[in-house]
1. Say the dipole of the chain comes from +1 at the beta carbon of Lys and Arg and -1 at that of Asp and Glu; which of Ser126, Pro161, Gln175 then lies farthest toward its positive end?
2. Of the listed peptides 27-39, 138-150, 76-88, what is their order by residue-averaged count of other C-beta atoms within 10 Å, with the highest listed first?
3. Determine the dipole magnitude for the chain: charges of +1 sit on the beta-carbon of Lys and Arg, -1 on that of Asp and Glu, nothing else is charged, the reference point is the Cα centre, and the result goes in debye to the nearest 20.
4. Please list the radius of gyration and Dmax for segment 1-118, considering alpha-carbon atoms only, with Å as the unit.
5. Keeping every protein chain present and rolling a 1.4 Å probe, give me the accessible area per residue for the chain in Å².
6. Going by average Cβ neighbours within 10 Å, how do the peptides 163-176, 12-25 rank, with the highest at the top?
7. Could you please state how large a percent of the accessible area of the chain is carbon and sulfur, counting protein chains only and using a 1.4 Å probe?
8. Taking amide H positions as placed in the peptide plane 1.01 Å from N, state which residues far from Ala14 in sequence (5 or more) or on other chains have amide H under 5 Å from it.
Amino acid sequence: IEGPTTNLALDSAAIHNWLASGIQGPTRTGNAALAPDGTMAAARLDYPAGSGTAFGSVYRLITSPAASPAYAFSVWLRGALGGETIYLTWTKSSSVHQTIACTLTSQWQRFVLVSTLDVSGANYVSIGRDGRAGNPAIPAQTIYAWGAQIEAGDIATSYVPTTAAAASRIADVVQLTAGAAATLQGA
């Protein structure tokens, strides 16, 4: 059903342990809300109000990327109220490589950003907001994040939890007995 994969996003459920950056990086609180898997493991990220060039994010270094035509960065996000705008960004060798805007609702949604990585340089993913485009005012907002995953390929597969090291999942194997196959065919 799904092939093998390795999640390179360390602390994938503990996004509050990721580093903060920017002039207005978020306040991070761990285990602040129910995550999509039903555990009290979602991180709360409180972004302060800002104006002009206010920006801030949480970010994580991607360790040990292998040569691959594409990588998928996925993360579960939801807003405290709904309507919050957050950006997922790849940074490759110290320059922004690709960014997408995510408009959140008050329900969990999985967002995916696909890009290539620099196997010889530093690669980072971040979850944040950006006022550098000259927005006159950016309101304070609270979001929740959980289940970050970075994997080779251009689609996001089932979540593989990580802590201080990357983690892998072996390929799924489906087995049906003759009785089960007959039941499925007759359904």
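1. Ser126
2. Ranked from most to least packed, the peptides come out as 138-150, 76-88, 27-39.
3. Values: 9 positive and 10 negative charges, 68 e Å.
I would put it at about 320 debye.
4. 14.8, 48
5. Values: 9120 Å² over 187 residues.
Here the per-residue accessible area is 49 Å².
6. Values: 163-176: 10.5, 12-25: 19.6.
Final packing ranking: 12-25, 163-176.
7. Working: 5170 of 9120 Å².
Whole-percent figure for carbon plus sulfur exposure: 57.
8. Under 5 Å from the amide H of Ala14: no residue qualifies.
The values are calculated or read from the model by the stated rules, or taken from the named source; none is laboratory data. Predicted model, so just to flag it, every value in this text is computed and none were measured. FYI the Cβ positions are ideal-geometry reconstructions off the backbone, even for glycines, and counts take in every protein chain you see. Calculation scope for accessible area: heavy atoms of the full protein, side chains included, ligands and nucleic acids excluded. Shrake-Rupley method; radii C 1.70, N 1.55, O 1.52, S 1.80 Å.
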